[in-house]
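**Student:** I'd like to ask some things about the structure below.
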Amino acid sequence: MDPCILVIFGGTGDLTRRKLYPALCNLYREGLLPEGFAVVSVGRRDLSSEQVRETVMDSINEFSRQPCSCNLEELEQSFLNRFHYYKLDFADSTGYGHLKDFLEELDQEYNTAGNRVFFLAVAPEYFSEISNDLHNHNMVINNGSWQRVVIEKPFGQDLDSALVLNAELRKTFGEQNIYRIDHYLGKEMAQSIMVMRFANAFFEPIWNNKYIDHVQISICETDGIGTRGGYYEQSGALRDMVQNHMMQLLTLVAMEPPVDLSTEAIRDEKVKVLRSLSVKREDVVRGQYGEGIVDGQRLKAYRDEDKVAPDSNMETFAALKVFIENFRWAQVPFYLRTGKRLPHKYAEILIKFKKIPGVLYFKDSSLNPNILTIRVQPDEGIFLKFNTKNPGPGQTIIPVSMDFYQHEIDGFNSPEAYERLLHDVMRGDSTLFTRWDEVEYSWRFVDQIERWWHTSNEPIPIYASGTWGPKEADLLMKNDGREWFGPTKS
Ligand SMILES: NC(=O)c1ccc[n+]([C@@H]2O[C@H](COP(=O)([O-])OP(=O)(O)OC[C@H]3O[C@@H](n4cnc5c(N)ncnc54)[C@H](OP(=O)(O)O)[C@@H]3O)[C@@H](O)[C@H]2O)c1
């Protein structure tokens, strides 16, 4: 792997502490960092590199998926000492010139050859500003070295703002050097979907409208919005979850086999799915959490949360029925559901297979359907429900489940999404990042729903905290003779 310096803008922020530092430590432990490597945390506070190293240690101890079992002295020598702090206020564009000099000094020390990963772990309003300042100070040169930028979500607030942001970034970085993070793609099970579909002979032949009744994709959360009221009032569930994570899961389930396993071939197929999406106005449901009692505790309504308008109409729940208009999926509904303050926290893709009407055992209408579940989190795994004969006399049929949990693989401790993603950026592999046209088509899809909601005078349905959302979401299913499944139990 090429040597490089990872420059983290927002080096004192929450994302860096909770995700990036622990991910880097795990990569170090696995021997996955390049030989020539350094980290520069950029922030506006008065801090020393020593203090940053202490924060790195603290965040590893608090947030890492595995305890720090390394020899501390060795860890210090070969890992912690590579962390540096650089004080810079984004508003002060002269500071970038000094940052450039600082990075070039580190190039000498660590043999990093001018290669950079600029990770923008900052609020979206700074994305363009930082990118432009990097350009103005000749910090992105690409002559024999490479410079890549990693952008956190959200990538715009709608198609128009995403177009503007993209144009700004493209002034400085080529498309191949822009890594738009969707951390769901870094999750193990999301990566397993393609393998499951295309590395097994028995799934692909039945992966179509002849055998599949419908698909449900749920990303449910028990938490409310916490301290993120300011952000959420501009975003809502549709932009926060559907435009990115849910669309990405949907494309992985629905895409055609790519011509090969190259980054662009995979992305081409995902884009085709996004271009084929269709949704009707009556098939989208929104909701907002009201008060509720969960585990004996009274939870406040969304409108009573900090930094939320008392008459806010922002949705904290969205459910929709969409179709993919192609030969494989014609007439197979994909139901998507996401929300806050729901009874369970989990992310799952559930595929319900059709019954064969009126034949042999299928004459019994109570026969359970075959269901395949891909659990993305927690306890990632794949579960297959099928029918078998109840052992003993008689012909009673019972449903049973075949389960596979990732953690059953010997010694497996699922890497955090950010480990895989950081490693891929350093390797220059952008398969698990979203290409511009994926962002564009998902915004096109989401924007039309936003327009319907914003031109509607209907009050937003309120659901009690701790319930499965507004009754309209159940009706969306009931009207089709179907129902939502909760988290799959093995
Ligand atoms: N937190 C997560 O788990 C998470 C998950 C997914 C995506 N994200 C995305 O990641 C990004 C960062 O989120 P976060 O939660 O880490 O935010 P945060 O905790 O508010 O951190 C923001 C960082 O930006 C720095 N900053 C702000 N204004 C600055 C300025 N003028 N000059 C220099 N530094 C400045 C802050 O420095 P100070 O410390 O001095 O304020 C801080 O280091 C956002 O785009 C967010 O949507 C976060």
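**Student:** Rounded, prolate or oblate, given the Cα gyration tensor of the range 4-152, with a/c below 1.5 counting as rounded? Before the final figure, lay out each step's value.
**Tutor:** Working: a/c = 1.82, a/b = 1.42, b/c = 1.28.
Taking the square roots of the gyration eigenvalues as a ≥ b ≥ c, the range 4-152 is prolate.
**Student:** Could you please report the charge total around Trp146, scoring K, R as +1 and D, E as -1 over all other residues with beta-carbon less than 10 angstrom from its beta-carbon? Walk me through the numbers before you get to the answer.
**Tutor:** Working: positive: Arg116, Arg148; negative: Asp2.
Summing Lys and Arg as +1 and Asp and Glu as -1 gives +1.
**Student:** What is the calculated FRET efficiency for Glu483 to Ser161, with r their C-beta to C-beta distance and R₀ = 25 Å, to the nearest 0.05? Walk me through the intermediate numbers first.
**Tutor:** Working: r = 37 Å, r/R0 = 1.49.
With a Förster radius of 25 Å, E is 0.10.
**Student:** So what's the net charge close to Met247: Lys and Arg +1, Asp and Glu -1, counting the other residues with Cβ under 10 Å from its Cβ? Kindly include the intermediate steps, with their values, before the conclusion.
**Tutor:** Numbers: positive: Lys270; negative: Asp182, Glu438.
Net charge in that neighbourhood comes out at -1.
**Student:** Roughly to the nearest percent, how much of the accessible area of the chain is carbon and sulfur, given a 1.4 Å probe? Could the numbers behind the result be given before it?
**Tutor:** Values: 10910 of 22220 Å².
Roughly 49 percent, rounded to a whole number.
**Student:** Could you state the accessible area per residue of the chain in Å², with a 1.4 Å probe and every protein chain left in place? All intermediate terms of the calculation are to be shown ahead of the outcome.
**Tutor:** On the way: 22220 Å² over 490 residues.
Solvent-accessible surface per residue comes out at 45 Å².
**Student:** Next question, about the same structure. Nearest 500 deg cm²/dmol is fine: what mean residue ellipticity at 222 nm does the chain get from its DSSP H runs of n ≥ 4 alone, each adding -39,500 (n - 2.57), divided by its residue count?
**Tutor:** -9500 deg cm²/dmol
**Student:** I would also like to ask the following. Name the shape class, rounded, prolate or oblate, that the alpha-carbon gyration tensor gives for the range 382-490, where a ≥ b ≥ c are the square roots of its eigenvalues, rounded holds for a/c under 1.5, and otherwise prolate holds if a/b is larger than b/c and oblate otherwise. Kindly include the intermediate steps, with their values, before the conclusion.
**Tutor:** Values: a/c = 2.60, a/b = 1.13, b/c = 2.31.
Judged from the Cα gyration tensor, the range 382-490 comes out oblate (a/c at least 1.5, b/c at or above a/b).
**Student:** Looking only at the chain, where both bridge partners belong to it, what percent of the DSSP beta bridges are antiparallel (to the nearest 5)?
**Tutor:** Details: 46 of 79 bridges.
Just about 60 percent of them are antiparallel.
**Student:** Among the listed pairs Lys321/Lys471; Lys385/Lys489; Lys270/Lys352; Lys171/Lys272; Lys210/Lys354; Lys340/Lys471, which are separated by more than 19 Å between their Cα atoms? Kindly include the intermediate steps, with their values, before the conclusion.
**Tutor:** Numbers: Lys321/Lys471 15 Å; Lys385/Lys489 10 Å; Lys270/Lys352 22 Å; Lys171/Lys272 27 Å; Lys210/Lys354 8 Å; Lys340/Lys471 15 Å.
The pairs that break the limit, which is 19 Å between Cα atoms, are Lys270/Lys352; Lys171/Lys272.
**Student:** Still on this structure, I have one more. Once label points are set 7 Å from the Cα along Cα→Cβ at both Arg197 and Ser48, what is their separation, rounded to one decimal in nm?
**Tutor:** Once both label points are built, they end up 5.4 nm from each other.
**Student:** What FRET efficiency comes out for the pair Tyr126/Asp101, r = Cβ-Cβ distance, R0 = 30 Å, nearest 0.05?
**Tutor:** Working: r = 22 Å, r/R0 = 0.73.
The formula returns an efficiency of 0.85 here.
**Student:** Using alpha-carbon pairs under 8 Å, 6+ residues apart, how would you state the relative contact order of the chain in percent? Don't skip to the answer; put the middle values down first.
**Tutor:** Details: 860 pairs, mean separation 85.0, N = 490.
After rounding, I find 17 percent.
**Student:** Would you mind listing how long the range 132-252 runs along its three principal axes, going by Cα atoms, in whole Å with the largest first?
**Tutor:** Extents along the principal axes: 57, 42, 25 Å.
**Student:** How far, in nm, would the chain grow between Asn143 and Arg275 when pulled straight, counting 0.36 nm per residue and subtracting the alpha carbon separation? Intermediate results must be reported in sequence, preceding the final value.
**Tutor:** Working: separation 132, 0.36 × 132 = 47.52 nm, distance 3.64 nm.
Taking Asn143 through Arg275 to full extension adds about 43.9 nm, to one decimal.
**Student:** Say a paramagnetic label sat at a point 7 Å from the Cα of Ile356, along Cα to Cβ; which residues of the range 198-221 have their backbone N under 15 Å from it?
**Tutor:** Those under the cut-off are 206, 210-212.
**Student:** What do you get for Rg/Rh of the chain when both radii come from the Cα atoms and Rh is the Kirkwood radius? Display every interim value, and only then the final one.
**Tutor:** Working: Rg = 24.2 Å, Rh = 24.5 Å.
Looking at the chain, the ratio lands at 0.99.
**Student:** A follow-up question, please. At a Förster radius of 25 Å, what calculated FRET efficiency corresponds to the Cβ-Cβ distance of Glu291 and Asn313, to the nearest 0.05? Could the numbers behind the result be given before it?
**Tutor:** Working: r = 17 Å, r/R0 = 0.69.
According to the calculation, E is roughly 0.90.
**Student:** Loop by DSSP (not H, G, I, E, B), at most 14 other beta-carbon atoms within 10 Å: where is the longest site-free stretch of the chain for GluC sites (Glu not before Pro)?
**Tutor:** No qualifying site falls inside 36-324, the longest such stretch.
**Student:** Starting from 0.36 nm per residue, how many nanometres of slack lie between Ser366 and Asp437 once their C-alpha separation is accounted for? The partial results should precede the final answer.
**Tutor:** Details: separation 71, 0.36 × 71 = 25.56 nm, distance 4.47 nm.
This chain segment gains 21.1 nm when fully extended.
**Student:** Work out which chymotrypsin sites (Phe, Trp or Tyr not before Pro) in the chain are exposed loop sites (DSSP not H, G, I, E or B, at most 12 other Cβ within 10 Å) and give the longest gap free of them. Walk me through the numbers before you get to the answer.
**Tutor:** Values: sites that count: Phe202, Phe327, Phe412.
The answer is 1-201.
The values are calculated or read from the model by the stated rules, or taken from the named source; none is laboratory data. If you're wondering where the values come from, they're calculated on a predicted model, not measured in any experiment. Using ideal geometry, Cβ is built from the backbone for each residue, glycine included, and neighbour counts are taken over all protein chains shown. When the accessible area is computed, the model is the full protein with side chains, heavy atoms only, and any ligands, DNA or RNA have been set aside. Shrake-Rupley method; radii C 1.70, N 1.55, O 1.52, S 1.80 Å.
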